[in-house]
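Trainee: Mind looking over this structure? Questions follow.
The values are calculated or read from the model by the stated rules, or taken from the named source; none is laboratory data. What you are looking at is a predicted structure, and each value in this text was computed from that prediction instead of being measured. A quick note on method: Cβ atoms are made from the backbone with ideal geometry, for glycine too, and the neighbour counts reach across all protein chains shown.
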């Protein structure tokens, strides 16, 4: 299993991550990219703990996603199934499990202060922490996408499912964008990756 995991994780995190997988009897699947989520956890048939993580994630995001999902498992086992998926018990568990990984041998120095800030009160998705998400994206494979915050006001863009939007005004942290087909307004995170359309 270590050999399978090695290409996906920062080198010095491998032993720690593998131990968490072993101790918690995780059945880990590395899967093709799903646009809507980086990973997930479920208790499968016969009580088997199944975690999936997208293969396309960079090493740092893969590690965070893996620990995020293991935190669900550990929190449910410790506090019971009635807790909120991203409530206080999960946050506490995620913080505790991530702490041994927040070291300069594992994460680049530029990410560590952002991670320390994020883990004071971790969110359901690191993508909602725009500063951290943008910093993590530096380590992604290059692509020709644009971030919503970079687009000129009024420009058209396409998202992963083919729907087309017009970028509107920024509202506090997110951007109001009008779906061209329906006229409905949707809020986009500034770091959402989209295809800018000509015109």
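Trainee: Can you tell me which residues in the range 58-72 are closer than 11 Å to residue 7 by Cα and touching a strand residue (DSSP E or B) at 6+ places or on another chain (Cβ under 8 Å)?
Mentor: 62
Trainee: Right, here's the next one. If I go through the range 117-127 residue by residue, how many of them are closer than 13 Å to residue 64 by Cβ and either over 11 Å from the mean Cα position of the chain (by Cα) or part of a helix (DSSP H, G or I) (or both)?
Mentor: So the count comes out to 5.
Trainee: When only residues in the range 162-175 that are touching a residue at least 12 places away in the same chain (Cβ under 8 Å) and farther than 18 Å from residue 134 by Cβ count, which is surrounded by the fewest Cβ atoms within 10 Å (Cβ to Cβ)?
Mentor: If we take residues in the range 162-175 being touching a residue at least 12 places away in the same chain (Cβ under 8 Å) and farther than 18 Å from residue 134 by Cβ, then 169 is surrounded by the fewest Cβ atoms within 10 Å (Cβ to Cβ).
Trainee: Going through the range 129-161 one residue at a time, which ones are surrounded by 14 or more Cβ atoms within 10 Å (Cβ to Cβ), at pLDDT below 85 and more than 11 Å from residue 193 (Cα to Cα)?
Mentor: 129, 130 - these are the residues of the range 129-161 that are surrounded by 14 or more Cβ atoms within 10 Å (Cβ to Cβ), at pLDDT below 85 and more than 11 Å from residue 193 (Cα to Cα).
Trainee: Suppose we keep only residues that are touching a residue at least 40 places away in the same chain (Cβ under 8 Å) and not in a helix (DSSP H, G or I) within the range 4-30. Which one would you say is nearest to the chain's Cα centre (by Cα)?
Mentor: The extreme case among them is 9.
Trainee: Kindly indicate whether any position in the range 33-41 is farther than 27 Å from residue 143 by Cβ and touching a strand residue (DSSP E or B) at 6+ places or on another chain (Cβ under 6 Å).
Mentor: yes
Trainee: Here is a follow-up. Check the range 94-102 and report whether any residue there is assigned to a loop (DSSP other than H, G, I, E, B), at pLDDT 95 or above and under 25 Å from residue 66 (Cα atoms).
Mentor: For the range 94-102, residues assigned to a loop (DSSP other than H, G, I, E, B), at pLDDT 95 or above and under 25 Å from residue 66 (Cα atoms): present.
Trainee: With respect to residue 121, is the statement that it is loosely packed, with under 10 Cβ neighbours inside 10 Å, at pLDDT below 95 and either in the same structural domain as residue 65 (by TED's automatic domain parsing) or touching a helix residue (DSSP H, G or I) at 6+ places or on another chain (Cβ under 6 Å) (or both) true?
Mentor: Judged against the criteria, residue 121 is a match.
Trainee: Out of everything in the range 37-66 that is surrounded by fewer than 20 Cβ atoms within 10 Å (Cβ to Cβ) and under 13 Å from residue 125 (Cα atoms), what residue ends up being modelled with the lowest pLDDT?
Mentor: 37
Trainee: Cβ-Cβ distance below 8 Å, separation of 6 or more or different chains: which pairs start in the range 43-59 with a residue that is farther than 26 Å from residue 136 by Cα and end on one that is part of a strand (DSSP E or B) and modelled with pLDDT under 90?
Mentor: 49/43
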